[in-house]
1. Place the peptides 177-187, 119-129 in order of packing, highest mean first, counting for every residue the other Cβ atoms within 10 Å and averaging per peptide.
2. Could you sort 107-115, 56-64 so that the peptide with the highest average Cβ count within 10 Å comes first and the rest follow in order?
3. Would you work out what percent of the accessible area of the stretch 27-155, with all protein chains in place, is carbon or sulfur (probe 1.4 Å)?
4. Of all the Cα-Cα pairs you can form in the stretch 107-194, what percent are over 17 Å apart?
5. Can you work out the accessible area per residue across the stretch 68-194, with the rest of the protein chains kept in place, probe 1.4 Å, in square angstrom?
6. Between Asp33 and Ser63, what is the FRET efficiency for a Förster distance of 41 Å, r being their Cβ-Cβ separation, to the nearest 0.05?
7. Checking the cross-link filter: which aspartates and glutamates have an alpha carbon closer than 16 Å to that of Lys28, excluding same-chain neighbours under 8 positions apart?
8. In terms of the ratio Rg/(2.2 N^0.38 Å) built on C-alpha atoms, what value belongs to the stretch 54-170?
Amino acid sequence: MKNWALILGASSGIGAACAKKLAESGMKLRDFDWSRVNDTVMGGRSSSSLDWQQDDTLLWRGSLSLENNGGFVSIRSDAGWADWSGYDGIEVILEAAGREVEVTMQRRDVRVRAGGYYAAVPTNAQGETRVFIPFEAFQLRSFGQPVRGPTLKEGLGNAGGMGMMIADKQEGSFQVVVKSMRPMRHGPKTRIAK
């Protein structure tokens, strides 16, 4: 699968409605309720927890287990449905120590059993990873497998439900610090990550 992550050199953003609030600097991760969904919903043994840090970053940590056909941990926000058509993608800032993290989104008008739209983000082994993910990079999946259906970009008027998932088959402990997730416009200083 091709990774479409773009490294951001500078940020810019314009738009409307709830997505505009998200994009504005005053909107923080803490403004949304976050919840965990792990493979235990299907009999797996992975575990995770969420804790807010003093700097308003979200610490997501736990253990990924492949036992009992498991192998995923995820978090999702209650980021409301909004018209995201004024944006080109999502900027994500996180620390994940080299783990591949998938950014997830939903469309209100598309229901997929155990699925949604996913885009892989390879993270730096040390320090912060800052990426811009264009909406066309998100792939529709169900139970981890690609499925045919409408693209995320075709339905940006009904987008929301941002989240993250780790399903990289690397058993053991993990720690992710989520610093920011917000809609963005593609700017002249973005470049494709190699």
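1. Those peptides, ordered most packed to least, come out 177-187, 119-129.
2. 56-64, 107-115
3. Result for the stretch 27-155: 41 percent of the exposed heavy-atom area is carbon or sulfur.
4. 57 percent
5. 47 Å²
6. That pair, Asp33 with Ser63, gives E of 0.95.
7. Straight-line reach from Lys28, under 16 Å: Asp51, Asp55, Asp56, Asp78, Glu91.
8. 1.07
The values are calculated or read from the model by the stated rules, or taken from the named source; none is laboratory data. The structure displayed is predicted, hence computed values, not measured ones. Methodologically, a virtual Cβ is constructed for each residue, glycine included, from the backbone with ideal geometry; neighbour enumeration extends over all protein chains shown. In case anyone asks, the SASA skips ligands and DNA or RNA and just uses the protein heavy atoms, side chains included. Shrake-Rupley method; radii C 1.70, N 1.55, O 1.52, S 1.80 Å.
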